[in-house]
């Protein structure tokens, strides 16, 4: 566990032996912490509705093994948004907010961000590297930037980059083609 002081906010990945596709997202938020699995909130509901026509959070479907061939990995197993914490004054949270803006190491690190981002990205790399032989779906700019900062796409079987499902992105006309590609990709 990277941050012992934040253990009550840790949300583990959902990965099973039979996983054929891994969805990579940013980090848990309030509903994920409350439920104990990733993609438990509105974004999760939108994902399930669009991909499977189901009215259950995507994370719940994976957690309960209703859908058996999909895994979920967050770049960070801890919420990166202060609003997910009951005590938003915790020291790490200032740095988490900055990491949300940019998950890469800083060349000039006057704020000490690298001391937080480096182990976070090493942990993410270690967790995702175990799945090089299955399909990976990178959801949103943060997941894409984190992946690109620590991993090499050519070492993975197949990668698809899609917008993050928040803010009804997956229902927007401009993303219609990539969401259609996603539906084919996960079959």
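Taking the conditions (1) part of a helix (DSSP H, G or I); (2) in contact (Cβ under 8 Å) with a residue 60 or more places away in the chain in turn, residue 95 satisfies each one other than (2). Please go through the range 145-158 and give me each residue that is buried (at least 18 other Cβ atoms within 10 Å of the Cβ) and either in contact with a helix residue (DSSP H, G or I) (Cβ under 8 Å, 6 or more places away or on another chain) or more than 16 Å from residue 21 (Cα to Cα) (or both), ordered by number. Correct list: 146, 147, 150, 151.
Just one of the listed residues (136, 179) is surrounded by 12 or more Cβ atoms within 10 Å (Cβ to Cβ), over 23 Å from residue 78 (Cα atoms), modelled with pLDDT of 95 or more and within 19 Å of the chain's Cα centre (by Cα), namely 179. Considering the range 20-62 alone, what residues qualify as being free of Cβ contacts under 8 Å to residues at least 24 places away in the same chain, touching a helix residue (DSSP H, G or I) at 6+ places or on another chain (Cβ under 7 Å), in a helix (DSSP H, G or I) and within 13 Å of residue 79 (Cβ to Cβ)? Residues satisfying the conditions do not exist here.
For beta carbons closer than 6 Å, sequence separation of 6+ or different chains, a first residue in the range 108-120 that is in contact (Cβ under 8 Å) with a residue 24 or more places away in the chain and a second that is surrounded by 12 or more Cβ atoms within 10 Å (Cβ to Cβ), the qualifying pairs are 116/95; 119/2; 120/76.
Within the range 63-78, the set of residues being in a loop (DSSP other than H, G, I, E, B) and in contact with a helix residue (DSSP H, G or I) (Cβ under 7 Å, 6 or more places away or on another chain) comprises 67, 75, 76, 78.
The values are calculated or read from the model by the stated rules, or taken from the named source; none is laboratory data. Nothing here was measured: the structure is a model prediction, and the numbers come from that model. Note that each Cβ is placed from the backbone with ideal geometry, even for glycine, and that neighbours are counted across all protein chains shown.
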